[in-house]
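What follows is a short report on a single structure.
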Amino acid sequence: MTPVLHGTATTLRPVRPEDAERLTEILKTPEVARWWPRYDEERVRADFLEASDTVVFVIEVDGQVIGSIQYVEEPAPDYRHASIDVFLHPDWHGKGLGTDAVRTLARHLIHDRGHHRLAIDPAVANTKAIRTYKRVGFREVGVMHQYERNADGEWQDCLLMELLAKDLT
């Protein structure tokens, strides 16, 4: 059973079917759709509620869903680590809530799930996200060229970042 996680300002709770409409609304805002393109409610349900290898939380502040954060684990003992993805509604950007959510999930993955290393891979142009991840202790590993398609369908570079357990702030 996936636990509810409590940060300083955010609560991360497992996603529920009734969250699909709100998450779709957030993903369709231009600021979020730039980095998370081509989401409709059907894709949200498939990717956030039905994906068996991904653990998805909604991010709440005072009971209001403001975004989502998720992780995937690599279970092979010789490569064990987890990767994170996150988005917030633009009305909540710049308030430290993304940092709190990422730090909360990172603590869970390191202390409760036993990971020694976490990864995240924002678009190189997503400087706000990169600053957020650095505040938690992630550091740049290198650029992955033409890694994913952007909102225009063009290949974009992403920055591989990692956080070792000893560097979690």
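The values are calculated or read from the model by the stated rules, or taken from the named source; none is laboratory data. In this text the structure is predicted, and so the values were computed from the model without any measurement. So basically every Cβ, Gly included, is an ideal-geometry build from the backbone, and we count neighbours across all protein chains shown. Quick note on the areas: whole protein, heavy atoms, side chains included, nothing else; ligands and nucleic acids left out. Shrake-Rupley method; radii C 1.70, N 1.55, O 1.52, S 1.80 Å.
Using the Kirkwood radius over C-alpha pairs as Rh, can you work out the diffusion coefficient of the chain via Stokes-Einstein at 37 °C, viscosity 0.692 mPa s, in µm² per second?
For the chosen part, D equals 203 µm²/s.
So which of Lys95/Lys128; Lys28/Lys134; Lys128/Lys166 end up more than 20 Å apart, counting from Cα to Cα?
With Cα atoms farther than 20 Å apart: Lys28/Lys134; Lys128/Lys166.
Please give the net charge around Gly98, taking every other residue with its beta carbon less than 11 angstrom from that of Gly98, where Lys and Arg add +1 and Asp and Glu add -1.
Residues close to Gly98 contribute a combined charge of +4.
Counting only protein heavy atoms, what percent of the accessible surface of segment 1-124 is carbon or sulfur at a 1.4 Å probe?
47
Please give me the summed charge of the neighbours of Ala82: other residues whose Cβ is under 9 Å from its Cβ, Lys and Arg +1, Asp and Glu -1.
Overall, the nearby charge balance is +1.
Could you compute the net charge surrounding Leu160? Neighbours are other residues with a C-beta less than 11 Å from the C-beta of Leu160; K and R count +1, D and E count -1.
-3
Got a sec? Charge dipole of segment 28-115, +1 on Cβ for Lys and Arg, -1 for Asp and Glu; which of His93, Gly67, Ser52 is way out at the positive end?
His93
For every helix of n ≥ 4 consecutive DSSP H residues, a contribution of -39,500 (n - 2.57) applies; sum these over the chain, divide by its total residues, and give [θ] at 222 nm rounded to the nearest 500 deg cm²/dmol.
Helices in the chain give a 222 nm mean residue ellipticity of -5500 deg cm²/dmol.
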